[in-house]
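Peer 1: Below you'll find the structure I mean.
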Amino acid sequence: MKKLLLTMALGTAMVLVSCGEKKEKKEKFSYERTKTEKKSDKSGAQASKVPVDMNNKGIGPIKEVKFGDIDNGLAAKGEEAFKTKCTACHKTDQKFIGPALKGVYGRRSPEWVMNMMLNPDEMQQKDPIAKALVEEYNGTLMLNQNLSEDEARAIAEFLRTL
């Protein structure tokens, strides 16, 4: 009987010790993982190792784009196309699965932006900026949305309004 009581007492003690107040804090999953990986500059923009080269026109069919005044009708068409084809990976004002697109024309030439939309597969294999973006986004590739040049131009016009 003493052995049984001793065994029960030890078992109870082990259960109580294992149910102590030790709590583990688990971090929640977030798509915005890049926010904490890079320090922000004074303006709040995320630091990046991706080069800025406004002379790089990318690889693809677009050789020259001339922007004039914003065409609001074209921008509205571009906004609709952006919502249906781009928002799964891009937000306008913050990094997501892909880069934020607000202010993109301060970092990339219009030709580069359109060629990236139209020819992402070859751009990500051969263009130094596109390759650096793939690296920055942990190997995430931009998918080919099979846009027409008119759709890409409309989205490019919408990006000017951000």
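Peer 1: With (1) at pLDDT 95 or above; (2) surrounded by 19 or more Cβ atoms within 10 Å (Cβ to Cβ) as the list, and A76 as the residue in question, which single condition is left unmet?
Peer 2: Going through (1) at pLDDT 95 or above; (2) surrounded by 19 or more Cβ atoms within 10 Å (Cβ to Cβ) one by one, A76 breaks only (2).
Peer 1: Give region 79-96 a look and list any residue that's within 10 Å of F158 (Cα to Cα) and open to solvent by 50 Å² or more (accessible area, probe 1.4 Å), or say none.
Peer 2: E79, E80 - these are the residues of region 79-96 that are within 10 Å of F158 (Cα to Cα) and open to solvent by 50 Å² or more (accessible area, probe 1.4 Å).
Peer 1: May I pose another question? Under 6 Å by Cβ, and 6 or more places apart or on different chains, what pairs join a residue from region 139-162 that is farther than 11 Å from L101 by Cβ and touching a residue at least 12 places away in the same chain (Cβ under 8 Å) with one that is assigned to a loop (DSSP other than H, G, I, E, B) and open to solvent by 60 Å² or more (accessible area, probe 1.4 Å)?
Peer 2: Note: pairs meeting the criteria are E157/D71.
Peer 1: Given (1) on the phi > 0 side of the Ramachandran plot; (2) crowded, with 21+ Cβ neighbours inside 10 Å, where does P99 come up short, assuming only one miss?
Peer 2: Result: P99 passes all but (1).
Peer 1: Something else about it: Regarding L101, is this residue of a type in the set (A, V, I, L, M, F, W, C), in contact (Cβ under 8 Å) with a residue 60 or more places away in the chain and in a loop (DSSP other than H, G, I, E, B)? Step through it out loud before you land on a result.
Peer 2: On the way: of a type in the set (A, V, I, L, M, F, W, C): yes; in contact (Cβ under 8 Å) with a residue 60 or more places away in the chain: yes; in a loop (DSSP other than H, G, I, E, B): yes.
Criteria met by L101.
Peer 1: Determine whether region 127-138 contains at least one residue that is open to solvent by less than 20 Å² (accessible area, probe 1.4 Å), farther than 16 Å from N55 by Cβ, not in a helix (DSSP H, G or I) and not acidic (D, E).
Peer 2: Looking for residues that are open to solvent by less than 20 Å² (accessible area, probe 1.4 Å), farther than 16 Å from N55 by Cβ, not in a helix (DSSP H, G or I) and not acidic (D, E), one finds at least one in region 127-138, hence yes.
Peer 1: Also, I was wondering about something else. Do we find that T87 is assigned to a loop (DSSP other than H, G, I, E, B), in contact with a Leu (Cβ under 6 Å, 6 or more places away or on another chain) and polar (S, T, N, Q) in this structure? Show your work before the answer.
Peer 2: Working: assigned to a loop (DSSP other than H, G, I, E, B): yes; in contact with a Leu (Cβ under 6 Å, 6 or more places away or on another chain): no; polar (S, T, N, Q): yes.
Judged against the criteria, T87 is not a match.
Peer 1: Same structure, new question: Only one residue in K49, K35 is under 16 Å from L133 (Cα atoms), basic (K, R) and modelled with pLDDT of 55 or more, so which one is that?
Peer 2: Details: K35 fails: modelled with pLDDT of 55 or more.
Testing whether each residue is under 16 Å from L133 (Cα atoms), basic (K, R) and modelled with pLDDT of 55 or more leaves just K49.
Peer 1: Do you know which residues across region 139-162 are of a type outside the set (D, E, K, R) and surrounded by fewer than 21 Cβ atoms within 10 Å (Cβ to Cβ)? Walk me through it before giving the result.
Peer 2: Pass one, region 139-162, residues of a type outside the set (D, E, K, R): 139-148, 152, 154-156, 158-159, 161-162.
Scanning region 139-162 gives G139, T140, L141, L143, N144, Q145, N146, L147, S148, T161, L162.
The values are calculated or read from the model by the stated rules, or taken from the named source; none is laboratory data. Since the model is a prediction, treat every value here as computed from it, not as a measurement. Positions of Cβ are generated from backbone atoms using ideal geometry, with glycine treated the same way; all protein chains shown enter the neighbour counts. These area figures cover heavy atoms from the full protein model, side chains too; ligands, DNA and RNA do not enter into them. Shrake-Rupley method; radii C 1.70, N 1.55, O 1.52, S 1.80 Å.
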